[in-house]
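Engineer: Below is one structure. I have some questions about it.
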Amino acid sequence: MPADRLYLMKEKLDQCVGPTIVTGLVKYFSDQPISEGYQKYEQWINQINLSNSQWKNIYRECVIASPNWLMKTDELRAIGGFDQLTYPEDYDLVFRWYQHRFEIKTMNHVTLFWREHPDRTSRNSNHYDQEHFFNLKIRRFIELDWNSEPVILWGNNIKTQLCSQVFKAHDIPFQKLIISNYQSIEDHADSQLLVSVYPEPEERNQMEGYLKKINRHQGKDWWYV
């Protein structure tokens, strides 16, 4: 971490009122080339935090880097600390912050140089495979945001399959919808949407703009997974 990271993050936290998480930007480094997937995740998590859109994107990926946050000890204890966290445990802790409506404050500079290497636990332990991630986040969706109506799974890929497995296990009604034309969503205007595709920026902006036009709001009516 940068030499002044803790000082600056504590200074930021001392200025905050109410339950708050202070974080910053990340930068991967390695003695090997950084994969395209990790490069995209670095760009994505930085953009999400700079735009203060963490909770809108909570079901897509873990929105706070696990080695890159600071909070007050009594606020951590008040939400149960690290007791009974479910793997992947860093993501589960972020869901607790979401549940208790913590505010997130982002430093606009790098506060974590994130080491990437082939022996990382997240690369080798089955606690961190896709099935565990989806089991966690779809269960949290059911607990925290599901409105008891059938859910639309928008897409047709491995993410859709993993979501389906969790909904079936919990007897939650859902329907799969293959995206051929995003305007077809008007036929399901009253359903909550979990979107399992993430198009390129131009198409993504068009889709998000259309959903907003028909009064469907990210983080309330629909989410990326």
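The values are calculated or read from the model by the stated rules, or taken from the named source; none is laboratory data. Quick caveat, the model's predicted, so the values are computed rather than measured. For neighbour counting, all protein chains shown are included, and Cβ atoms are generated from backbone atoms with ideal geometry for every residue, glycine included.
Engineer: Output the residues belonging to segment 43-74 that are part of a helix (DSSP H, G or I), in contact (Cβ under 8 Å) with a residue 40 or more places away in the chain and over 22 Å from ASP221 (Cα atoms).
Structural biologist: LEU50
Engineer: Now, a different point. Report, by residue number, each residue of segment 1-58 that is among the hydroxyl-bearing types (Ser, Thr, Tyr) and under 23 Å from LEU76 (Cα atoms).
Structural biologist: From segment 1-58, those among the hydroxyl-bearing types (Ser, Thr, Tyr) are 7, 20, 23, 28, 30, 35, 38, 41, 51, 53; that's our starting set.
The answer is TYR7, THR20, THR23, SER53.
Engineer: Quick one: which residue in GLU143, GLU131, GLU89 is closer than 25 Å to TYR28 by Cβ, out of contact with any strand residue (DSSP E or B) (no Cβ under 6 Å at 6 or more places or on another chain) and not assigned by TED's automatic domain parsing to the domain that holds ILE45?
Structural biologist: GLU131
Engineer: For segment 180-187, state whether one or more residues are within 20 Å of LYS56 (Cβ to Cβ), in contact (Cβ under 8 Å) with a residue 60 or more places away in the chain and not assigned by TED's automatic domain parsing to the domain that holds GLU89. I'd like the intermediate steps shown before the answer.
Structural biologist: Step one: list which residues in segment 180-187 are within 20 Å of LYS56 (Cβ to Cβ), which gives 182, 185.
Still in the list and also in contact (Cβ under 8 Å) with a residue 60 or more places away in the chain: none.
Among the residues of segment 180-187, not one is within 20 Å of LYS56 (Cβ to Cβ), in contact (Cβ under 8 Å) with a residue 60 or more places away in the chain and not assigned by TED's automatic domain parsing to the domain that holds GLU89, which makes the answer no.
Engineer: Next question. May I ask you to list the residues in segment 152-197 that are exposed (fewer than 15 other Cβ atoms within 10 Å of the Cβ), among the hydroxyl-bearing types (Ser, Thr, Tyr) and either touching a helix residue (DSSP H, G or I) at 6+ places or on another chain (Cβ under 8 Å) or more than 21 Å from LYS220 (Cβ to Cβ) (or both)?
Structural biologist: SER180
Engineer: Do we have LEU70 as buried (at least 18 other Cβ atoms within 10 Å of the Cβ) and either among the hydrophobic types (A, V, I, L, M, F, W, C) or not assigned by TED's automatic domain parsing to the domain that holds MET107 (or both) here? I'd like the intermediate steps shown before the answer.
Structural biologist: Values: buried (at least 18 other Cβ atoms within 10 Å of the Cβ): yes; either among the hydrophobic types (A, V, I, L, M, F, W, C) or not assigned by TED's automatic domain parsing to the domain that holds MET107 (or both): yes.
Taking the combined requirement at face value, the residue satisfies it.
Engineer: How many of the residues in segment 157-177 are touching a residue at least 40 places away in the same chain (Cβ under 8 Å) and farther than 20 Å from PRO88 by Cα?
Structural biologist: Count: 1.
Engineer: Sticking with this one: Within segment 188-220, how many residues are out of contact with any Ser or Thr (no Cβ under 8 Å at 6 or more places or on another chain), closer than 16 Å to PHE141 by Cα and either among the hydroxyl-bearing types (Ser, Thr, Tyr) or not assigned by TED's automatic domain parsing to the domain that holds ASN147 (or both)?
Structural biologist: The number of residues fulfilling the criteria is 1.
Engineer: Another question about this same structure. Which residue is surrounded by the most Cβ atoms within 10 Å (Cβ to Cβ), if the candidates are limited to segment 4-42 and must be assigned to a helix (DSSP H, G or I) and hydrophobic (A, V, I, L, M, F, W, C)?
Structural biologist: The qualifying residue surrounded by the most Cβ atoms within 10 Å (Cβ to Cβ) is MET9.
Engineer: Return the residue satisfying two criteria in turn: it lies in segment 78-100 and is part of a loop (DSSP other than H, G, I, E, B) and farther than 19 Å from THR20 by Cβ, and of such residues it is nearest to the chain's Cα centre (by Cα).
Structural biologist: The qualifying residue nearest to the chain's Cα centre (by Cα) is PRO88.
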